[in-house]
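Heads up: the structure comes next, in C-alpha cells.
The values are calculated or read from the model by the stated rules, or taken from the named source; none is laboratory data. Keep in mind that what you see is a predicted model, and the values were worked out from it rather than measured. Cβ atoms come from the backbone with ideal geometry, glycine included; neighbour counts cover every protein chain shown.
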Amino acid sequence: MVKQMMMSLLVITLLGINVLIGILIFKEVNPTAFEKLTSNKSNQEMAAPSEQTIEDPQQAEPSLQGQEPGLPMDDLGVEWETEPTFREDEIQGYGGVEGVLTWQYNDFVGTKGDVNAQVFLIPKAVDFSMISEEDVQSYFLIGTPIPNARTYYTKADGYGNYNLNYIPEGPYVLIAFSFETFNLDDYVSQEAQMILPDLLKEHWNWFYKNRLLSRNHIVKEIYITKDQIQTISHDFGYKM
C-alpha cells in the first residue's frame with residue numbers, strides 16, 4: 001500500500017513538472033502571446049464589478065433645511081398647495097340670506113322640507129326695462145343668470161334649506177316659489193302686488209300669469225348687511 005502511494009505521488013509530481021516545462025516552452029516560443037495572456041487575467045481579477053452607484057443629484061431627497069416655517073409638507077418634506085383661504089379683509093363687505101322652506105304633507109305626517117323650492121334674489125337697482133324677454137323668462141323659470149345683472153338664484157336642498165352668500169351690501173327683493181304646493185286659489189300676495197310691478201316693468205304681466213298664479217310664493221324686500229347672514233323662512237302650507 002505504501003508502494004502504491006509512492007507511485008501516485010511520483011505521477012503527480014511528474015505531471016506538474018511537465019506542465020511547468022510546457023509553460024516555459026510556450027514562453028520561449030511566443031513571448032508576446034504569453035505576456036498578453038497573463039496581463040488580461042491580472043486585469044480581470046483587479047477590476048471586479050462594484051455595487052456602489054452614483055446618486056443622481058436631481059433624484060436625491062429634498063432637504064428640510066431652508067424651508068419656510070409653517071408650510072405644510074409631505075413625508076419627504078416637499079411643499080404642497082393647500083386649498084385657498086380668504087383673509088378677513090377679503091370677505092368684508094359681503095352678507096347673505098338663508099332659511100328653511102317647508103310645506104304641510106298632511107295632519108299625520110306634518111311638516112316636510114320643500115325640496116327644490118326656487119329662491120331668487122334681485123338687486124333693486126336692476127333695470128328690467130333693459131333686459132330682454134328671453135333673459136327674464138329664462139331666469140325666472142330655470143335660474144339662468146341674467147347677463148350684466150347681478151341677480152342670484154338657488155334651490156332648497158333635501159331638507160328645505162337654502163342659502164345665498166357673498167352678496168354685496170344693499171337693498172334686494174327676495175322671491176321664493178314652492179315646489180310642492182300650487183296656487184289653486186289664484187292668490188297673489190300683497191307684497192308681490194306692491195313691489196314687483198315697479199321692479200319688473202313690462203315683464204310684470206308675464207310674471208304674474210306664469211309664475212305667481214302657478215305656485216305658492218313669498219315676496220319680501222330685504223337689506224343685505226355686510227358681515228351678517230339674515231334668516232328668512234316660510235311654510236307654504238298644504239298642497240291641496
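Restricting to segment 132-157, give me the number of residues that are over 19 Å from His217 (Cβ atoms) and exposed (fewer than 14 other Cβ atoms within 10 Å of the Cβ).
The number of residues fulfilling the criteria is 6.
Taking the conditions exactly as written (within 21 Å of Ile167 (Cα to Cα), at pLDDT 95 or above and more than 37 Å from the chain's Cα centre (by Cα)), does Ile222 satisfy them or not? Before the answer, list the steps.
Working: within 21 Å of Ile167 (Cα to Cα): yes; at pLDDT 95 or above: yes; more than 37 Å from the chain's Cα centre (by Cα): no.
In short, no.
For Asn163, only one of the following conditions fails: (1) at pLDDT 95 or above; (2) surrounded by 15 or more Cβ atoms within 10 Å (Cβ to Cβ). What is its number?
Tallying (1) at pLDDT 95 or above; (2) surrounded by 15 or more Cβ atoms within 10 Å (Cβ to Cβ), Asn163 fails exactly one: (2).
Got a sec? Which of Leu199, Leu184, Leu212 is surrounded by 13 or more Cβ atoms within 10 Å (Cβ to Cβ), within 30 Å of Phe108 (Cα to Cα) and among the aliphatic types (A, V, I, L, M)? Explain how you work it out, then say what you get.
On the way: Leu199 fails: within 30 Å of Phe108 (Cα to Cα); Leu184 fails: surrounded by 13 or more Cβ atoms within 10 Å (Cβ to Cβ).
Result of the check over Leu199, Leu184, Leu212: Leu212.
Just name the residue that is farthest from Ser233 (Cα to Cα) out of those in segment 207-223 that are in contact (Cβ under 8 Å) with a residue 40 or more places away in the chain and of a type in the set (Phe, Trp, Tyr).
Phe207
Looking at the structure I just gave you, is Ile175 more than 23 Å from Ser132 (Cα to Cα) and out of contact with any Cys (no Cβ under 9 Å at 6 or more places or on another chain)? Step through it out loud before you land on a result.
Values: more than 23 Å from Ser132 (Cα to Cα): no; out of contact with any Cys (no Cβ under 9 Å at 6 or more places or on another chain): yes.
It is false that Ile175 is more than 23 Å from Ser132 (Cα to Cα) and out of contact with any Cys (no Cβ under 9 Å at 6 or more places or on another chain).
Identify, please: which residue in segment 215-240 is basic (Lys, Arg) and more than 19 Å from Gly113 (Cα to Cα) and is, among those, surrounded by the fewest Cβ atoms within 10 Å (Cβ to Cβ)? Spell out how you get there, then give the answer.
Of the residues in segment 215-240, the ones basic (Lys, Arg) are 215, 220, 226, 239.
Restricting the remaining residues to those that are more than 19 Å from Gly113 (Cα to Cα) gives 220, 226.
On the way: Lys220: 16, Lys226: 13.
By that ranking, first place goes to Lys226.
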